[in-house]
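One structure below.
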Amino acid sequence: MSNKNKTSDSENHKQENGSVPGGELHQVAGGKHPALTTNQGVPLSDNQNSLRANPHGPTLLEDFALREKIMHFDHERIPERIVHARATGAHGFFELTESLKQYTTARILTEVGEKTPVFTRLSTVAGGAGSVDTPRDVRGFAVKFYTKEGNWDLVGNNIPVFFIQDAIKFPDLIHAVKMEPDRGFPQSATAHDTFWDFISLTPESMHMVMWIMSDRTIPRSLRMIEGFAVHSFRLINDAGQSTFVKFHWRPKLGLQSTVWDEAVKIAGADPDFHRRDMFDAITAGNFPEWEFAVQLFTQAQADSFPFDHLDATKLIPEELVPLKVIGRMVLDRWPNNFFAETEQVAYCPANIVPGIDFSNDPLLQGRLFSYLDTQLSRLGSANFHQIPINASKCPFANQQRDAHMQMTQPIGRVAYEPNSLSDDSPRETAAGFRSYASTETGQKSRIRAESFADHYSQARQFYLSQTVYEQAHIASALVFELSKVDHLHIRQAMVGHLRHIDEDLAGRVAAGLAFEKMPDPPSAAKPVREMAPSPALQIIGKMKNTLMGRTIGILIADGSDAAAVKNIKKAATDAGAVVKIVAPKVGGATLADGSMLAADGQLAGTPSVLFDAVAVILSEEGAKNLFTESAAVDFVRDAFGHLKAIAIDKGGQLLLKIANVGHDAGIVDAADADVFIVAAKTRQWDREKSVRTLP
Ligand code: HDE
């Protein structure tokens with residue numbers, strides 16, 4: 001098949017706009033609207049009524065317009081992804097800033113300045129396609145690079161390690177985390193018995209458990225997550241030499257997370273919080289951007305690591321092998337159609353290009369089979385690569401033919417190779433993909449490498465690398481999750497594992513669960529090794545002191561001071577934030593100077609959880625009117641509880657008092673807009689102990 005046969009761009013465009021090709025007959029007289037037709041191109045005169053034998057009579061089977069429309073509708077859904085069903089996708093480009101020519105022949109990694117189109121899909125893992133955006137969950141980070149040498153898919157997560165070491169355990173892991181089969185709940189949550197039962201019996205998952213209990217799994221925005229390909233891959237240069245590589249994405253806006261109570265409330269306030277955030281940012285021209293970085297290392301270096309880099313439950317600390325930034329990715333175009341692009345895009349870690357190759361990581365090896373296989377059941381045809389979002393943008397040609405939903409019309413008599421009947425049919429090329437010529441020896445067996453046996457050292461390193469605030473959140477998340485587990489023996493088993501990671505952590509969780517006695521730790525296959533703390537593993541250490549990409553909410557009501565609102569709005573906008581006005585009525589409020597200020601959101605539907613910091617500008621009268629409005633009281637109480645900066649004027653102060661909100665450095669006089677901006681750039685971490693009990 002040749003790309004000559006692909007639907008042309010202009011034809012695609014017509015379809016994207018919902019119009020159909022056709023002549024005069026298909027134009028609606030006097031307008032720009034094309035005629036509404038059936039899928040056979042037959043123009044329709046009535047799209048409101050089905051064909052009836054008489055006005056009160058039965059509907060007629062001959063109504064082809066009704067039957068076609070309903071039949072198509074009945075088949076609109078396709079099976080959702082088994083995992084990563086819920087996602088946000090966007091188009092963009094990758095630009096190489098530093099060549100890796102010494103290490104690889106891949107053109108995408110050697111042609112500096114070249115812009116390669118990408119389609120990136122950021123997902124949650126456990127929930128269905130209609131689940132909320134903010135559960136505690138890993139985020140998928142999948143990038144399809146449409147390179148000149150074919151599609152390269154980097155299908156990663158926002159966490160650099162994984163739960164399991166061998167692909168054969170993946171169905172068990174996913175069955176354990178998904179809703180329990182007898183009851184059909186919980187949706188998109190790890191806080192239930194089957195998940196923690198499996199985890200407590202799978203010591204290799206302990207490092208990942210530390211990551212998922214950290215605030216990495218409750219990100220503020222998909223624009224503020226890191227991405228990791230997890231497994232080691234190989235780069236192959238023109239001399240056929242191999243260098244191992246780990247791929248990383250680092251968000252330009254820095255890392256930022258929510259706090260758990262906030263994430264829970266966002267789920268109710270805006271189930272599409274992350275999708276909307278990405279849509280708003282891209283359509284406003286605030287294009288999210290990530291640095292692309294690599295860790296490069298040789299086999300000799302790998303042999304000296306105190307862990308096995310082929311074990312996906314281990315990471316290579318940045319302090320051991322520093323990151324080298326080689327490019328950037330910018331997402332600058334929202335898809336035309338969610339289904340056609342974000343839903344139908346099919347990623348596969350096996351999609352690599354010449355100059356890149358796989359490692360023997362047993363988890364990666366299993367994935368190489370899984371993704372191609374799952375696309376067949378999801379997209380229903382071996383021709384899924386012809387769907388525009390999946391088709392490579394470079395020419396592709398081979399002798400594969402036919403199959404369900406064939407979109408191309410290959411020309412000619414020859415559909416095999418070798419042949420003597422065609423002088424322009426595709427042939428192998430010396431520049432084509434070659435696998436790295438590794439030497440494999442040893443006995444065939446079902447056995448884990450001895451070097452995979454240390455399950456606690458990096459979990460301990462992760463925990464000890466966190467700030468005190470982040471450690472408290474990990475302990476708190478474990479208490480929350482295990483409190484949802486009915487079976488005491490599962491809670492005990494988990495705390496037993498924690499004792500290998502850190503006795504203090506285990507003690508905090510045990511106290512949070514009201515254990516009378518500390519459970520014994522399970523026997524560890526290997527002694528826990530002390531590793532130097534790695535600050536790069538923190539979130540707080542990777543936050544940026546900025547309001548770029550952040551949103552400030554200003555609560556106003558009738559009588560609010562116009563100058564104060566304007567002042568805060570200007571300061572926040574100048575610092576790069578988006579500002580939203582919240583008022584009791586969406587039409588807005590009449591300010592003290594008589595002007596009307598329209599609201600972006602009505603108070604009852606726009607709680608402070610949707611903002612990074614808030615200002616409350618109210619007249620005395622306006623504040624009093626809100627004393628009995630629980631949405632207003634919650635607005636400030638939640639902003640305080642979620643450690644946000646709050647700017648207030650006199651009226652705002654009255655509302656704070658009613659809400660029982662205390663004073664600290666994060667509560668700022670609205671007149672001091674500059675002080676507010678500084679406070680708004682971070683969370684008020686020290687406030688936390690005054691608003692909730694941390695284990
Ligand atoms: Fe996936 N994974 N996975 N996974 N995964 C899928 O493929 C699978 C793993 C990841 O936006 C599925 O097209 C196995 C690790 C992302 O469309 C499926 C194993 C990592 C996405 C599948 C893993 C990932 C998927 C479901 C263990 C991080 C979403 C639908 C061997 C490096 C891609 C689909 C998108 C999706 C299988 C483990 C990331 C079933 C068997 C480790 C980001 O094929």
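Quick look at the numbers
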| read-out | value |
| --- | --- |
| Residue 97 accessible area, 1.4 Å probe, all protein chains in place, Å² to nearest 10 | 80 Å² |
| Percent breakdown of C-alpha pair distances by 5 Å bin, ordered from the shortest bin, for the range 548-691 | 2, 12, 23, 26, 22, 11, 3, 1, 0 |
| Dipole axis of the chain (+1 Lys, Arg; -1 Asp, Glu on Cβ), positive-most option in 389, 224, 259 | 389 |
| Of every Cα-Cα pair in the chain, the percent that sits beyond 47 Å | 27 percent |
| FRET efficiency, residue 99 to residue 350 (Cβ-Cβ, R0 41 Å, nearest 0.05) | 0.95 |
| Value of relative contact order over the chain, rounded to a whole percent, pairs C-alpha under 8 Å and six or more apart | 12 percent |
| Spin-label pair residue 324/residue 148, simplified geometry with 7 Å Cα→Cβ offset, distance in nm | 2.2 nm |
| Mean accessible surface per residue for the range 87-386, computed with a 1.4 Å probe while every protein chain stays in place, in Å² | 32 Å² |
| For the range 484-520 versus the range 384-435, the gap between their alpha-carbon centres in whole angstrom | 58 Å |
| Sum of -39500 (n - 2.57) over DSSP H runs of 4+, divided by residues of the chain (222 nm, nearest 500) | -8000 deg cm²/dmol |
| Residue-span extension gain [residue 504 to residue 239] - 0.36 nm each, minus C-alpha spacing | 90.2 nm |
| The range 26-76: mean projected area of Cα convex hull, nm² | 4.7 nm² |
| For the range 292-385: rounded, prolate or oblate by the Cα gyration tensor [a/c cutoff 1.5] | oblate |
| Residue 337-residue 517 FRET efficiency (beta carbon distance; Förster radius 51 Å; 0.05 resolution) | 0.30 |
| Length released on extending from residue 280 to residue 304, taking residue separation times 0.36 nm less the Cα-Cα span | 3.9 nm |
| Calculated FRET efficiency for the pair residue 404/residue 54, C-beta based, R₀ 41 Å, to 0.05 | 0.45 |
| Length-normalised contact order for the range 548-691 - Cα pairs under 8 Å, 6+ apart - percent | 24 percent |
| Projected label distance in nm at residue 447 and residue 529, using a 7 Å step from Cα toward the beta-carbon | 2.1 nm |
| Listed residues 27, 61, 45: farthest to the positive end of the dipole of the range 26-76 (Cβ charges) | 27 |
| Modelled label reach - residue 40, point 7 Å along Cα→Cβ, the range 63-105 residues with backbone N closer than 20 Å | 63-75 |
| Heavy-atom accessible surface of the chain: percent carbon and sulfur, 1.4 Å | 53 percent |
| Dimensions (Å) - the range 86-223, Cα atoms, principal axes, largest first | 52, 31, 26 |
| Largest-first principal axis extents of the Cα set of the range 467-540 (Å) | 36, 29, 16 |
| Order by protection proxy (mean Cβ within 10 Å, highest first), peptides 588-597, 428-437 | 588-597, 428-437 |
| Accessible surface ranking that places the most exposed of 76, 319, 68 first, with a 1.4 angstrom probe | 319, 76, 68 |
| Ordering of 674-682, 216-224 by packing [mean C-beta count within 10 Å, highest first] | 216-224, 674-682 |
| Estimated distance in nm for a label pair at residue 413 and residue 368, the labels positioned 7 Å out from Cα along Cα-to-Cβ | 3.9 nm |
| Near-label residues of the range 580-609 by backbone N, under 11 Å of a point 7 Å along Cα→Cβ of residue 566 | 593, 595 |
| Probe 1.4 Å, all protein chains present, accessible-area order of 105, 116, largest first | 105, 116 |
| Whole-angstrom gap from the range 129-193 to the range 255-288, using each part's C-alpha centre | 19 Å |
| Solvent-accessible area per residue for the range 548-691 (1.4 angstrom probe, square angstrom) | 42 Å² |
| Cβ-based charge dipole, the chain, positive-most Cα from 120, 449, 103 | 103 |
| Sequence ranges 419-425, 482-488, 608-614, 349-355, ranked by mean other-Cβ count within 10 angstrom, highest first | 608-614, 349-355, 482-488, 419-425 |
| Accessible solvent surface per residue of the range 26-76, calculated while the other protein chains remain in place, 1.4 angstrom probe, Å² | 84 Å² |
| Debye, to nearest 20: dipole size of the range 95-172, +1 on Lys, Arg Cβ, -1 on Asp, Glu Cβ | 60 debye |
| Beta bridge orientation in the range 548-691: antiparallel %, DSSP, nearest 5 | 10 percent |
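The values are calculated or read from the model by the stated rules, or taken from the named source; none is laboratory data. The shown structure was predicted, so the numbers you read here are calculated from the model rather than taken from an experiment. Cβ sites come from the backbone with ideal geometry, for glycine too, and all protein chains shown count toward neighbours. Only protein heavy atoms, including side chains, enter the accessible area calculation; ligands, DNA and RNA are left aside. Shrake-Rupley method; radii C 1.70, N 1.55, O 1.52, S 1.80 Å.
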